[in-house]
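S.K.: Please find one structure pasted underneath; my questions will follow.
Just so it is clear, none of the values below were taken in a lab; they were calculated from the coordinates. Model, not experiment: these values are computed from the prediction. Cβ sites come from the backbone with ideal geometry, for glycine too, and all protein chains shown count toward neighbours.
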Amino acid sequence: MSTYADSSFFVSLYIPDEHSPAARRLFAQHDRIWLTPLHRAEWAHAVARRLFQRHMSLNEVQTVYDDLEVDREARIWIDAPLPEMAFERCIRLAKEHGTQFGMATLDTLHVASALELGVERFWTFDERQAKLARAVGLKTS
């Protein structure tokens, strides 16, 4: 069974925060986790924001960037392009569930990508995103 995690999951794996213990626990039981350009773009911005906010040094940020690349090269993640129909699915999800859950575009795009990739499990620390994922039949943890 493959798993899709939102970008915050990857941040919590590589940068200690309040969700890191849960992220490590989930990661330890993973089958395979997808990594798309959407993840990488959001992740890079989240890491850069840590430097901007002075929560990390330039050396720490570069180490974190390097750590993800080493793991990608080791094929820890399933590297994949953003699914072609992810935006169309995202639009449909907004129309069908947007008034019920009030999700942000990128959160909905992650759920849409997971559906388009055919995963069964979706990991997030965002409760609204988790509600959407469950509403469309994905298992969450």
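S.K.: Kindly provide the set of residues from region 120-138 that are in a loop (DSSP other than H, G, I, E, B), surrounded by fewer than 22 Cβ atoms within 10 Å (Cβ to Cβ) and of a type outside the set (Asp, Glu), ordered by number.
M.R.: Here is the first cut: in region 120-138, the ones in a loop (DSSP other than H, G, I, E, B) are 120, 124-126, 136-138.
When the remaining residues are screened for being surrounded by fewer than 22 Cβ atoms within 10 Å (Cβ to Cβ), the result is 120, 125-126, 136-138.
Passing the criteria: PHE125, VAL136, GLY137, LEU138.
S.K.: State all residues of region 63-95 that are surrounded by fewer than 17 Cβ atoms within 10 Å (Cβ to Cβ), of a type in the set (D, E, K, R) and within 19 Å of GLY118 (Cβ to Cβ); if no residue qualifies, say none. Full working, then the answer.
M.R.: Filtering region 63-95 for residues surrounded by fewer than 17 Cβ atoms within 10 Å (Cβ to Cβ) gives 63, 65-67, 69-76, 78-81, 84-85, 87-88, 91-92, 95.
When the remaining residues are screened for being of a type in the set (D, E, K, R), the result is 66-67, 69, 71-73, 75, 79, 84, 88, 92, 95.
Listed by number, the residues that qualify are ASP79, GLU84, GLU88, ARG92.
S.K.: Across region 103-119, what is the total count of residues that are surrounded by 14 or more Cβ atoms within 10 Å (Cβ to Cβ) and of a type in the set (S, T, N, Q)?
M.R.: So the answer is 2.
S.K.: Follow-up question, since we're still on this one. Pick from region 95-141 the residues that are touching a Leu at 6+ places or on another chain (Cβ under 9 Å) and among the polar types (S, T, N, Q): which of them is farthest from SER2 (Cα to Cα)?
M.R.: Selected residue: GLN100.
S.K.: Enumerate the pairs (first residue in region 123-138 and of a type in the set (Phe, Trp, Tyr); second residue anywhere and part of a loop (DSSP other than H, G, I, E, B)) with beta-carbon separation below 9 Å, excluding pairs fewer than 6 apart on the same chain, so at least 6 apart or on different chains.
M.R.: The qualifying pairs are TRP123/ASP6; TRP123/HIS30; TRP123/SER141; PHE125/ASP6; PHE125/GLU18; PHE125/HIS19.
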